[in-house]
1. Would you mind getting me the FRET efficiency between ILE262 and ASN26? Use the beta-carbon distance for r and R0 = 35 Å, nearest 0.05.
2. Averaged over every viewing direction, what's the projected area of the C-alpha convex hull for the stretch 110-166? Give it in nm², one decimal, please.
3. Within the stretch 251-291, which chymotrypsin sites (Phe, Trp or Tyr not before Pro) sit in a loop by DSSP and count at most 15 neighbouring Cβ atoms inside 10 Å?
4. How many nm separate the modelled label positions at SER36 and GLN355, each set 7 Å beyond the Cα in the direction of the Cβ?
5. Sorted from largest down, give the three principal axis spans of the alpha carbons of the stretch 32-97, whole angstrom values.
6. What's the extension gain from ASP316 to SER119 if we count 0.36 nm per residue and subtract their Cα-Cα distance?
7. On the first, second and third principal axes, largest extent first, how far apart are the outermost C-alpha atoms of the stretch 135-284 in Å?
8. Whole number please: convex hull volume per residue, Cα atoms of the stretch 1-113, in Å³.
Amino acid sequence: MHKIFFSPGPSALYFTIEQHIKNAINQDVPSISHRSNDFKKIYQEAVDNLKQLLGIPDGYHIVFTNSATEIWEKITDNLIAENSFHFINGAFSKKFYSVATNLGKQTDKSEVPWGELPSTSMPDKSYDVIGLAHNETSTGVSFPLDQIAAIRQKHQEAILAIDAVSSLPVVDLDYAVADTVYFSVQKGFGLPAGLGIWILNDRCIEKSAKMAEKGLVRKSTHSLQSLVDYARDYQTPSTPNVLDIYLLAKVCADMLEKGIGIIRKESIYKAAIMYNMLDKHTRIFPFVTNKEIRSDTIIVANINEETETLIDFLRDKKLIIGAGYGAKKDKQIRIANFPTHSKEQFEQLTDLIEQW
Ligand SMILES: *Cc1c(COP(=O)(O)O)cnc(C)c1O
């Protein structure tokens, strides 16, 4: 029997992946030229299916990178002329701040302890970019969508950049409130790691063009402009992860067939049974006490120095959960609740933790 990975990332592969990988190899997908028409068709299918699945409106473009981490660097180089503001409530929102700081931008932040949510208030000045993590994978805190919309309302001048790495495709985002949203595929989409998806609107293109005119875009690998130019012709400037782009097309099609509404409903159900059990448990406690900001897709719990014992107990049953992130490694567990995890798998995991 295969192990079932409830780890935050990489996580379990989408349950249809094995067949798609076999088909891809039979069709020579990993060997075809990324300048061929066959590749362009795969690219187009991936983009069309993703746009349909997530409801991405016109005026938004999709480009491929190698990771979400790379997108932090691209946003910094191409969209932050001078300064950025970062809402920091965990390791990932902090990493974007560090990238921008290390690349010499003027960075301001609002930082709160792990498990909490920053208030939406910001200094009364204008910023090139505002960054936040919709779902902090290190803490299990989710930024309420109405608060993101409020930030947008107050700071129309800035490019609003949303990290949705561990919440898509489950979160029903209103893309109109953001200028750019990005994710990588080894979490909620259940694909092998090595592909970053960067969704950006025309405002981003205009902003980076203005920066380029003034010589403010750092010249390194591919600029935003170059990525977008190639994307218009369903290509990438350098050799991409063709297999992953193929798998993205196929898994999005599978999710469309199942219905994104059903996937979202199941996610809420699975999260509810896990949190309900944890709320009553005597030795394990939900880390995020404010129920309004608890993530449905990454469930984090405190467990007094017994992380390893529980992880081992579940591993014996072929269920793999994550340890706490960073300094919380021995004190917490993290459980991913992604579309590939079935209700039955989640019920089994919940029952075992309840009995432990
Ligand atoms: C995993 C993760 C990242 C980094 O993704 P990579 O694909 O490893 O670059 C960024 N942000 C969040 C919220 C994450 O969970």
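Values quoted throughout were computed directly from the atomic coordinates according to the rules given, and no laboratory measurement underlies them. Computed from a prediction, not measured in an experiment: that's the story for all the values here. A quick note on method: Cβ atoms are made from the backbone with ideal geometry, for glycine too, and the neighbour counts reach across all protein chains shown.
1. Details: r = 30 Å, r/R0 = 0.86.
After rounding to 0.05, the efficiency reads 0.70.
2. On the way: hull surface 15.3 nm².
It is 3.8 nm².
3. Details: sites: TYR269, TYR275, PHE287; in loops: PHE287.
For chymotrypsin sites (Phe, Trp or Tyr not before Pro) across the stretch 251-291 that sit outside H, G, I, E and B with at most 15 neighbouring Cβ atoms in 10 Å, the list is empty.
4. Rounded to a tenth, the inter-label distance reads 5.2 nm.
5. 41, 27, 24
6. Working: separation 197, 0.36 × 197 = 70.92 nm, distance 4.21 nm.
So the chain would gain 66.7 nm between ASP316 and SER119.
7. 60, 41, 29
8. Numbers: hull volume 20.7 nm³, N = 113.
Per-residue hull volume (Cα only) is 183 Å³.
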